[in-house]
Each structure stands twice: as structure tokens, then as C-alpha cells.
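To start, the structure itself, in C-alpha cells.
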Amino acid sequence: MADTASHVYAAPPPGAAADWTIPQHWEAFSADEHAMWDRLFARQTAMLPGRAADAFLRGIDVLRLEKPGIPDYRELNARLMAATGWQVVAVPGLVPDDVFFDHLANRRFPAGNFIRTPEQLDYLQEPDVFLDVFGRVPMLADPVFADYMVAYGQGGLRSLNFGALDKLARLYWYTVEFGLIREAAGLRIYGAGIVSSYGESVFALDDPSPNRIGFDLERVMRTRYRIDDYQQNYFVIDSLDELLRVTVETDFAPLYERLANLDDIAIADIVPGDTVITRGTQDHARNRAA
Ligand code: PHE
């Protein structure tokens, strides 16, 4: 059995380094655990042609993720490092915000070092190795997205000085976790929470329920989100270059100040100024609530 993450630690647990990393201990994953990866991988990659962003599909290829079993980070990191200078490091569970941002700023993605059980196939309370590695690492092989994540880590550390992490976290949520991108062939998914989810990879693109709105930095940072069900809004970027440019070129300090005096936007609201791509019926959320 590899280490199982069951709670959030206050300090690095025994066996973890000062930066909270632990050895992946790849040899310790059992045959059943590798088989779970293979099952999730097969189910997910079958969904992705015509749905996942080009950059994501390229990442799967470049990193040779089709090789069976939970990836051995020694091999994975050799490829990832060559592509963008990033690496994946194992951590025992969720880590504190400043630790997380420091890893990102230094091109290290901390990944949960356990894999879900068959009972947890579609619902997890914290990221496992499938979500963290299958969901996020392919995009980190893209040079532009790789730079965005570094800038986000630096920006995250900076946000702590402004007490504005809740606002900045929305940017992460609506891009890294649940982002959509417009490609020549149509809308595509790139957010890790979608590309790793069997249900949401269809819902996010095809369901009439959610709003799909053109990405606007301030709008996104005012918008609440839900963590307990499929999203009610997705924000669509025009390109990764544009996302990187606008976030790097904007000084967030005055933005945080402005946001402190603006109301949040309720989850499913469409507001003046929105570029509405799809106005959702919100039937999914309504049916869930009923
Ligand atoms: N430009 C942002 C700032 O001034 C930093 C940042 C870059 C944040 C990219 C998120 C993503 O804080």
C-alpha cells in the first residue's frame, strides 16, 4: 500500500521533508492499484478525442502516459523536465497554501500519493494520483501553460500579503481546474477537474444546463463556485497565450483593492458585460436541489 491521504496536516508529517514532499515509493503500489489507474485511464482517454484541448492530448503523447500503470515519477519527470522544466513531486495529502504556491513557483507540482478505491471511482474528497497526474500533468508539458502555473504560484505567494487568496483561488478554479478553451474545431476542455471526470467531461461541453461565458479576469475573480457538484458556469479562454498574457500583465494589487469593494457574483448569474456563449438552463442544479 502506498501512503493514503486521509486528512490535512498542520506540519509536515513524519517521513516528509520540510517542503512536505515524500518519496513516491513507486515500488509500493500494488497490482490492484496499478489496475485501478489503467481502468481510469482507459475510461477517460476514450472520452477525450474531440473534447480535450490540443495541448492536453499532446501532453499525454509527449509524456507517454499510455504506458500501463501508475507512472513512475523518475521516468515521467525526465520527459516533463525536458519539455518545460516542470516535475511532479509526491506529497502525503493537501499541503498549506504557501507551501503549494512555493512548489508551483519552482516548477514542482505536488501530487497526492494514493489512488482511489473502486468504491471511490467517481467521488473523492481530495486529489489522488489519477486526478493530479492524469488531470494536470499533460497541460504542464505545454510551455505556455507551464509558464502560467509558475506565474500563478508567484501570484499566490503575493496574494497572501493582500489577504486576497479567496479571490485568486477563483482564477485557479475557473482555469486550471474547470477551464474551457475555444479552438478552431469548437470548445474544448483543459481543466483538470473536467478532463479527469467521466461525467463532467461530457456535461461541461454538451449539457444545456451550465452557463458558458467568455473569460474575463475581474469577472472570474468575483464569481463564487461550487465544490460539491458539476459547475454551473464555465469560463472560456480564447488561447493559452491570451490567458498567460492577461494574468502576467495585470498587476493584481489594484484589482484586489477593487474586488474588496465589489459584491461577489452569485454562482449562476449572468451579468452585464458578459460574453455569453451559452446561457444555461441550470436544470441540473435545480433538479439536484429539488
Ligand atoms: N500578475 C499577478 C499579480 O500581480 C500574478 C499572477 C500571474 C497571478 C498569473 C495569477 C496568474 O499578482
Completion exercise
By residue number, the members of region 82-93 that are touching a helix residue (DSSP H, G or I) at 6+ places or on another chain (Cβ under 8 Å) and touching a residue at least 24 places away in the same chain (Cβ under 8 Å) are ALA83, THR84, GLY85, TRP86, VAL88, VAL89, ALA90
Handout entry: Yes/no for GLN125 being open to solvent by 10 Å² or more (accessible area, probe 1.4 Å), more than 16 Å from the ligand (Cβ to nearest atom), free of Cβ contacts under 8 Å to residues at least 40 places away in the same chain and under 25 Å from ALA16 (Cα atoms)
Key = yes
Exercise for the section: Collect the residues in region 220-230 that are part of a helix (DSSP H, G or I) and of a type in the set (Asp, Glu), keeping them in residue-number order. Expected result: none
Exercise for the section: Residues being crowded, with 20+ Cβ neighbours inside 10 Å and either over 14 Å from the mean Cα position of the chain (by Cα) or in a strand (DSSP E or B) (or both): count how many of those fall in region 231-242. Expected result: 6
Practice task
Filter region 134-166 down to residues that are open to solvent by 20 Å² or more (accessible area, probe 1.4 Å) and of a type in the set (S, T, N, Q) and give me whichever is farthest from the ligand (Cβ to nearest atom).
Solution key: ASN161
Practice task
Please determine, by comparing only the residues of region 248-290 that are part of a loop (DSSP other than H, G, I, E, B), aliphatic (A, V, I, L, M) and in contact with a helix residue (DSSP H, G or I) (Cβ under 9 Å, 6 or more places away or on another chain), which one is most open to solvent (accessible area, probe 1.4 Å).
Solution key: LEU262
Problem - Criterion violated by VAL95 - all others in (1) part of a helix (DSSP H, G or I); (2) at pLDDT below 95 satisfied - result: (1)
Practice task
Name every residue in region 29-58 that is of a type in the set (Gly, Ala, Ser) and not in a helix (DSSP H, G or I), in order of residue number.
Solution key: SER30, ALA46, GLY50, ALA52, ALA53
Practice task
Collect the residues in region 127-172 that are over 20 Å from ARG51 (Cβ atoms), hydrophobic (A, V, I, L, M, F, W, C) and under 13 Å from the mean Cα position of the chain (by Cα), keeping them in residue-number order.
Solution key: VAL129, ALA146, MET149, ALA169, LEU171
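The values are calculated or read from the model by the stated rules, or taken from the named source; none is laboratory data. Please read all numbers here as calculations on a predicted model, not as lab measurements. Positions of Cβ are backbone-derived with ideal geometry, glycine not excepted, and every protein chain shown enters the neighbour counts. The protein model used for the area step is the full one, side chains on, heavy atoms only, and it has no ligands, DNA or RNA in it. Shrake-Rupley method; radii C 1.70, N 1.55, O 1.52, S 1.80 Å.
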